[in-house]
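The values are calculated or read from the model by the stated rules, or taken from the named source; none is laboratory data. As the structure is a computational prediction, the values presented were derived from the model and not from experiment. Here Cβ is always computed from backbone atoms with ideal geometry, including for glycine, and neighbour counts include all displayed protein chains.
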Amino acid sequence: MVSYAQNGDAAGTFLGHPKGLFVLFFAEMWERFSYYGMRALLIFYLTKHWLYSDSESGIIYGAYTALVYITPVVGGYLADKYLGQRKAVLFGAVLLTLGHFFMAFEGDAAVGHVNNPVINIFWLALALIIVGSGFLKANISVIVGQLYPRTDVRRDGAYTIFYMGINLGAAIGSLLCGYIGETYGWAYGFGLAGIGMLLGLIVFIWGKPLLLGRGEPPKPLNKNTEFTMYGLGILLVGLCWLAVQYQDLVGFVLGGFGGALVLYVLFTAVTKLDSEARDRIFAAMFLIMTSIIFWALFEQAGSSLNLFTDRHVDRAGVPASTFQSINAIYIILLAPIFATLWTAMGRKGKEPSAPLKFGLGVVQVGLGFLVLVWGAKSVGVDVPTPVIFIFLIYLLHTTGELCLSPVGLSAMNRLAPAHMASLIMGTWFFASATGNFAAGLIASATGAEGVGEDAGKTVVLDVYSTVGWTAVGVGIAVMIISPLIKKLMHLDTLKDDEAADAHLAGSGAAEPLASGTHPATHN
């Protein structure tokens, strides 16, 4: 059998991993630079430039971020069946580049959104970003998994490296785009985000040979079929252009389509999979449902928490949008520590299971809000909240995220059969969409209008207290039942797909997992 090092020389590796991983790292880094750079500014753009109320802005923001996570279901399905993941990522990157550049068209700031035709360019920009993310987001994560056998011990390290790329881009994007947008003008901040996405597109095109043929169409793809798929993508842009303007449509889609998607996945698991594969899908669906609560609270960061930081926190003159980088910086600092911790615990057979980590994540996101509420009330609602409590809430949210988000991405890829990989990953992102839409509703509830600054701060803190205690209770319940969910995962009998085994023969793949162990699962 050929060793990793020998095989790596033939295939091309860097730091023990396929070079294609680092192509994906840099492409995703620049995509996240653009997305989070724009996200840091969006709630302020809605309230200060387009002059929407806090409640309206919260709903629009929630609908937009929900749609960003709905569209990966479509993008994942079309990639599975027709385009392949690589072409889907490329198409998504092109749409994202256009969308971010269109965000730079401001129009007349004096009139806001009423009777302002330029608002339609803004809606189009959001729609392009939504659909572009749908084609790119789920599929680029799948390509990472395709570079390794399912039981390869390098997988979790690869997901950690990839996740670091995500957060490096998010940190730099939030800092630079946020600062430039708030200091020099919206167009400059959004334009810089567009440049970042263009760089990501260039990196992905340049690095195609290093992907080793991964992510290609499942069967030969003729041009008519390929361009039909792109046409469907453009049609989806039109639908999202309408949906982001009429946010109630998003709620109906989440309720109707979401329910249908869950039923389809469960029906497929029951009727077409063997008992162990079926149980793994059940476990994946439990994790997916649990994640909804986490994202509903976590995604306050870009909306209500962003506004709270702007209005009620002693920032010493630092633009509020730049605080959006704190989470990503914490990830960069803490992800290696968590990855090392999980690996060390795994070697001793003491690593928490994925369901237990999920419970810990939900508890921590709730505790973050409770700490902020305590800190704000301890100094009085009529006094600016010390900035240390913003750092503390993001710290708890970040440690919670490291227990849930990378673990979830790795678990979806590990638990799903190969022919359902993108569909299950899309379902994971669809749950994030539901959480984001719920986050918009929570943010809207914090937007008390016309009650004065102190009273408005009290309303926000009351909402944060309610959702914080709810999340702590749910997280504890998940931790209690986590042993049952772990049994459904059947980790002791998990094997690589036959096709992957044949393709990667001689690569030095790891031995199957020992019973009861579960290596680090960071993405």
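Worth pointing out:
- Filter result for GLU56 (assigned to a helix (DSSP H, G or I) and either within 19 Å of the chain's Cα centre (by Cα) or not aliphatic (A, V, I, L, M) (or both)): yes
- Residue within the stretch 179-201 that is on the phi > 0 side of the Ramachandran plot, assigned to a loop (DSSP other than H, G, I, E, B) and out of contact with any Gly (no Cβ under 7 Å at 6 or more places or on another chain) present: yes
- The residue that is nearest to LYS357 (Cα to Cα), counting only those in the stretch 406-419 that are assigned to a helix (DSSP H, G or I) and touching a Leu at 6+ places or on another chain (Cβ under 9 Å), is VAL407.
- Beta carbons closer than 6 Å, at least 6 apart along the sequence or on distinct chains, never pair a first residue in the stretch 70-93 that is at positive phi with a second that is part of a helix (DSSP H, G or I) and not polar (S, T, N, Q).
Results for (1) within 18 Å of TRP206 (Cβ to Cβ); (2) of a type in the set (A, V, I, L, M, F, W, C), shown as yes or no for each residue.
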{"position": "PHE26", "(1), (2)": "yes, yes"}
{"position": "ARG32", "(1), (2)": "no, no"}
{"position": "LEU42", "(1), (2)": "no, yes"}
{"position": "TYR45", "(1), (2)": "no, no"}
{"position": "TRP50", "(1), (2)": "no, yes"}
{"position": "SER53", "(1), (2)": "no, no"}
{"position": "THR65", "(1), (2)": "no, no"}
{"position": "ILE70", "(1), (2)": "no, yes"}
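For (1) modelled with pLDDT of 90 or more; (2) surrounded by fewer than 24 Cβ atoms within 10 Å (Cβ to Cβ); (3) touching a strand residue (DSSP E or B) at 6+ places or on another chain (Cβ under 8 Å), each residue gets a yes or a no:
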{"position": "PHE33", "(1), (2), (3)": "yes, no, no"}
{"position": "ARG39", "(1), (2), (3)": "yes, no, no"}
{"position": "VAL74", "(1), (2), (3)": "no, yes, no"}
{"position": "LEU98", "(1), (2), (3)": "yes, yes, no"}
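- Residue satisfying condition, being modelled with pLDDT of 85 or more and either among the acidic types (Asp, Glu) or out of contact with any helix residue (DSSP H, G or I) (no Cβ under 7 Å at 6 or more places or on another chain) (or both), within set ASN139, ASN222: ASN222
- Number of the exception - VAL118 against (1) touching an Asp or Glu at 6+ places or on another chain (Cβ under 9 Å); (2) in contact (Cβ under 8 Å) with a residue 60 or more places away in the chain: (2)
- Residues in the stretch 113-164 that are in a helix (DSSP H, G or I), in contact with a Lys or Arg (Cβ under 6 Å, 6 or more places away or on another chain) and either among the polar types (S, T, N, Q) or over 13 Å from LEU24 (Cα atoms) (or both): GLN146 alone.
- Within the stretch 183-221, the set of residues being loosely packed, with under 15 Cβ neighbours inside 10 Å, basic (Lys, Arg) and touching a residue at least 40 places away in the same chain (Cβ under 8 Å) comprises just one member, LYS208.
- All helices (runs of 4 or more DSSP H) inside the stretch 248-354 with 3 or more residues being farther than 30 Å from GLY37 by Cβ: 248-272, 275-298, 325-347
- Residues satisfying the stated conditions in the stretch 376-405, i.e. farther than 25 Å from ASN167 by Cβ and either free of Cβ contacts under 8 Å to residues at least 60 places away in the same chain or outside any helix (DSSP H, G or I) (or both): SER378, VAL379, GLY380, VAL381, ASP382, VAL383, PRO384, THR385, PRO386
- Scanning the stretch 94-110 for residues that are in contact (Cβ under 8 Å) with a residue 40 or more places away in the chain and assigned to a loop (DSSP other than H, G, I, E, B) yields MET103, ALA104, PHE105, GLU106, ALA109.
- Residue in the stretch 247-266 that is without any contact (Cβ under 8 Å) to a residue 60 or more places away in the chain, surrounded by fewer than 15 Cβ atoms within 10 Å (Cβ to Cβ) and in contact with a Leu (Cβ under 9 Å, 6 or more places away or on another chain) present: yes
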